[in-house]
Amino acid sequence: MSNRIQPASRRDFLTGLFSAGALILGARLVPAEQITAASDVKDATWNPNIWIGINSDGSVLIVTHRAEMGTGIRTTLPMILADELEADWARVRLQQAIGSDKYGSEDTDGSCSIRDFYDTMREAGATARAMLVNAAAAQWNVPLDECGAHNHEVLHKKSGRKLGYGELAAAAAKQPMPHNSTIQLKKPSEFRYIGKGVPSYDLKDMCTGRAVYGFDAHLPDMVYAAIERAPVLGGTLKSFDDAQAKSVKGVQQTVVIESAKPPYGFQALGGIAVIADNTWAASQGRKKLKVEWESGANAIFQTDTYKRDLIQTAQKPQKVVRKAGDVEQGLKGAAKVLEATYYTPLLAHAPMEPPAALAIWRDGKVEAWTATQSPQDVQKTVAQAVGIKPEDVICHVTLLGGAFGRKSKPDYVAEAAILSKKVGKPVKIAWTREEDIRFDFYHSTSAMYFKAGLDASGKPVSWLQRSVFPPIGSTFDGKSEYGDDGEMSMGWIDVPFDVPNFRAENGPAKAHVRIGWLRSVANVYHAFGVQCFIDELAHAAGKDPVEYWLESLGPARKLDFKGQAEKFANYGKPLNEYPYDTARLRRVAEVAAERSGWANKRTAKRAVGFAAHRSFLSYVAAVVEVDIDSGGKVRIPRVDIAVDCGPVINPDRVKAQFEGASVFGTSVALFGEITASDGRIDQGNFNNYPVARLNEAPLETHVHLIANDDALPTGTGEPGVPPMSPAIYNAVFAATGKRFRELPLRKQKLV
């Protein structure tokens, strides 16, 4: 009997699953060569630029260089180009870009895809359209201004003659490339797709099981690997016995991967790999390994002790990162002084699809197929791991079954490449859920201390805050203990309230795990602390929280923090293009309150909470309604989120992002917590690292988009998360009268 598990399609799996007595083990495997589009932009009849190929049959190929992980960006960027091209979307085919610097940054992170490439996509489409129109005018020998493009054709307005794009492709290829200054971009009134949207390009394949994810790639003669890694970061191999592992049917061999050394960056962590015919044999072989580890310095990491140290650090004077006025003097003259300490734990990304990669080493080069947010980082990481040049690494990008930042860190692809070089065969790595949670790049834990003075009317006149967290930089330099400019600019130095005396500080914290970015990054904890504390001040002043928040925000103004902070990073964008406009923040707050019926939702054990925050250059406010039963279980009947992200390019996808953020933020607030004992992560699956299930997620999420065509496009993938936790906690206080200052809520006694 063969020990190789037979592959089954997803459709076959479901058919078998619901058939009496049926059991199918396996997964749909797709030949790796089919994952790259069979038709290539560069092979088209005409290539006006690196983004477009037009064939003589009229088909249009558009390169999409950002990864699809549920945001819709793989559809939206080409949609922008297709609009300016005047292409018929039904005749457009997409080609996923491999890793290449010619496309600029391919890193699908930081909610920056639209803001960084909106103009590029428009110009690329408009350039090709101009050349098609020029070619038609030349062929008809008519003035250029008598011709125009519409829906995949060029029309001569006077005679009614038409030529399809396919008919013009060869002639357009001979046209001179127009200068950028001569390109005529469409007016907003002429948009066909921008602002209206199109269905996700991959939707049908996703719904029918044909979509290709990282787990699906297959090559002839490939083997599978399961890796036993040191349970403590920095641990090294002391000894191992693989005799029993090799006795498992299907196991071929074991391979040692050298332990990573700090700074860890995106290195493969190292360990003992079991190489087998299939994933089952590999995983069973790994269970039978007998391994002894030298735990190393990080074995001292105990969550309770570490938490205590963070809080103690936050309660002492630290490095000043923003200062205005005289905080001490303001506190002395205050009618009332309030203090509070907030804490948030480590978080794991836990996307539905854990990391997976297939790699083959041949002729001194590596070819990889993987679910990644950053194929260029795959190139760099793999090249360093196996000792070749980045240009000698080809990275094919599949669809991503979720990511939240985890899949921009390609340690798992390095593992596959290292093993392929060692065993001389294609190697497939497919992490388990336990590996995904126990060997993550964790979202940082934090402690925040606040102290504020109120005048006789309850207005804040002095505000002190300290934030302490192990920073992301520690993963890449092995020594950073303070937040960098980016982390400090995520809801900490950019607190927008009009308080005359203000000081923000940042204290040191040493990392004992790999720290990485997770959806909305430092905004998660900073918004939680700041937005809960302002709610505390409102109740201390005896005022409605929304009214108090708006009063504290002050008059409409543009914030730049000059003279107060050394640097306001502003997500890498200049303030003259993307100002911090408090009028926009005020507007989303007002809309969220109005649309939620804020003033009419207070009953026993049922109440609403509010928070508003600017992140990734977008302005977002949330009102969350909570219902707490007699057993203390929290339900969320309704969430209202108001959003100003500038011009809305693909409305359905934007709404979906904020609906998703509502669920993600609920998971963070109610459940999210990673802990460690003796340096080892305690959690390993959804039984002890739960996320919001259907009956725990918000019952309704209403997204209110505030169109702002006068502004530039901003981020939408991440900004919905930061207001959720504080809005939930503020609602819980309104319902119970109990103020909780520590995530997650499931650890608190509500009744």
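One table, with the values for the structure above:
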{"quantity": "Close pairs (7 angstrom Cβ cut-off, 6 or more residues apart or separate chains): in the same structural domain as ASP43 (by TED's automatic domain parsing) and at pLDDT 95 or above in region 63-81, part of a loop (DSSP other than H, G, I, E, B) and of a type in the set (Lys, Arg) anywhere", "calculated": "ILE73/ARG66; ARG74/ARG66; LEU77/ARG66"}
{"quantity": "Spans of strands (runs of 3 or more DSSP E) in region 203-275 with at least 2 residues surrounded by fewer than 20 Cβ atoms within 10 Å (Cβ to Cβ)", "calculated": "236-241, 251-257"}
{"quantity": "Any hit, region 415-432, residues being of a type in the set (Asp, Glu), under 30 Å from VAL468 (Cα atoms) and in the same structural domain as GLN252 (by TED's automatic domain parsing)", "calculated": "no"}
{"quantity": "Exclusive hit being buried (at least 23 other Cβ atoms within 10 Å of the Cβ), in a helix (DSSP H, G or I) and touching a residue at least 24 places away in the same chain (Cβ under 8 Å), set GLN379, GLN373", "calculated": "GLN379"}
{"quantity": "Residues being surrounded by fewer than 22 Cβ atoms within 10 Å (Cβ to Cβ) and in contact with a strand residue (DSSP E or B) (Cβ under 7 Å, 6 or more places away or on another chain) - total across region 517-540", "calculated": "2"}
{"quantity": "Qualifying residue in region 116-131 (condition: without any contact (Cβ under 8 Å) to a residue 60 or more places away in the chain, touching a Leu at 6+ places or on another chain (Cβ under 7 Å) and not in a helix (DSSP H, G or I))", "calculated": "no"}
{"quantity": "Those residues of region 519-545 which are in a helix (DSSP H, G or I), closer than 25 Å to LEU310 by Cβ, in contact with a Pro (Cβ under 9 Å, 6 or more places away or on another chain) and not aromatic (Phe, Trp, Tyr), in sequence order", "calculated": "ASN523, VAL524, HIS526, ALA527, GLY529, VAL530, GLN531, CYS532, ILE534, ASP535, LEU537"}
{"quantity": "Selection status of VAL608, part of a helix (DSSP H, G or I), touching a residue at least 24 places away in the same chain (Cβ under 8 Å) and surrounded by 19 or more Cβ atoms within 10 Å (Cβ to Cβ)", "calculated": "no"}
{"quantity": "Conditions (1) part of a loop (DSSP other than H, G, I, E, B); (2) surrounded by 20 or more Cβ atoms within 10 Å (Cβ to Cβ): number failed by GLY684", "calculated": "(2)"}
{"quantity": "Residue among ALA456, ALA509 that alone is among the aliphatic types (A, V, I, L, M) and either surrounded by fewer than 20 Cβ atoms within 10 Å (Cβ to Cβ) or not assigned by TED's automatic domain parsing to the domain that holds ALA565 (or both)", "calculated": "ALA456"}
{"quantity": "Test for GLY491: is it part of a loop (DSSP other than H, G, I, E, B), buried (at least 20 other Cβ atoms within 10 Å of the Cβ) and at positive phi", "calculated": "yes"}
{"quantity": "Region 549-566, residues that are more than 32 Å from the chain's Cα centre (by Cα) and either in a helix (DSSP H, G or I) or over 14 Å from PHE497 (Cα atoms) (or both)", "calculated": "GLU551, GLY563"}
{"quantity": "Region 727-751 residues that are more than 19 Å from VAL623 (Cα to Cα), paired with ones that are in a loop (DSSP other than H, G, I, E, B) and of a type in the set (Lys, Arg) (beta carbon under 7 Å, 6 or more apart)", "calculated": "LEU750/LYS738"}
{"quantity": "Residue among ASN576, ASN600 that alone is under 27 Å from the mean Cα position of the chain (by Cα) and of a type outside the set (D, E, K, R)", "calculated": "ASN576"}
{"quantity": "Flag if VAL668 is of a type in the set (Val, Ile, Thr) and out of contact with any Leu (no Cβ under 7 Å at 6 or more places or on another chain)", "calculated": "no"}
{"quantity": "In region 37-89, residue surrounded by the fewest Cβ atoms within 10 Å (Cβ to Cβ) [restricted to those that are among the aromatic types (Phe, Trp, Tyr) and outside any loop (DSSP other than H, G, I, E, B)]", "calculated": "TRP89"}
{"quantity": "Tally of residues being outside any loop (DSSP other than H, G, I, E, B) and either among the basic types (Lys, Arg) or over 28 Å from SER520 (Cα atoms) (or both) across region 435-461", "calculated": "5"}
{"quantity": "Residues located in region 716-751, provided they are in a loop (DSSP other than H, G, I, E, B), of a type outside the set (D, E, K, R) and buried (at least 23 other Cβ atoms within 10 Å of the Cβ)", "calculated": "THR716, GLY717, PRO719, GLY720, VAL721, PRO722, PRO723, LEU743"}
{"quantity": "Of all residues making up region 486-538, the number that are of a type in the set (Lys, Arg) and closer than 19 Å to TYR571 by Cα", "calculated": "1"}
{"quantity": "Residue match in region 581-596 (condition: assigned to a loop (DSSP other than H, G, I, E, B) and modelled with pLDDT of 95 or more)", "calculated": "no"}
{"quantity": "Condition check for SER462: buried (at least 24 other Cβ atoms within 10 Å of the Cβ), over 23 Å from PRO508 (Cα atoms), over 29 Å from the mean Cα position of the chain (by Cα) and of a type outside the set (A, V, I, L, M)", "calculated": "yes"}
{"quantity": "Members of region 689-714 that are closer than 13 Å to SER667 by Cβ and not in a loop (DSSP other than H, G, I, E, B)", "calculated": "none"}
{"quantity": "Test: GLY99 is part of a loop (DSSP other than H, G, I, E, B), modelled with pLDDT of 95 or more and either in contact with a Phe, Trp or Tyr (Cβ under 8 Å, 6 or more places away or on another chain) or of a type outside the set (Ser, Thr, Tyr) (or both)", "calculated": "yes"}
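Conditions tested, residue by residue: (1) β-branched (Val, Ile, Thr); (2) at pLDDT 95 or above; (3) farther than 16 Å from GLU167 by Cα; (4) not assigned by TED's automatic domain parsing to the domain that holds ARG93.
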{"residue": "ILE114", "(1), (2), (3), (4)": "yes, yes, yes, no"}
{"residue": "TYR118", "(1), (2), (3), (4)": "no, yes, yes, no"}
{"residue": "ARG122", "(1), (2), (3), (4)": "no, yes, yes, no"}
{"residue": "ALA126", "(1), (2), (3), (4)": "no, yes, yes, no"}
{"residue": "ARG129", "(1), (2), (3), (4)": "no, yes, no, no"}
{"residue": "VAL142", "(1), (2), (3), (4)": "yes, yes, yes, no"}
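The values are calculated or read from the model by the stated rules, or taken from the named source; none is laboratory data. Owing to the predicted nature of the structure, the values given are computational and were not obtained by experimental measurement. With ideal geometry, Cβ positions are generated from the backbone for all residues, glycine too; neighbour counts draw on all protein chains shown.
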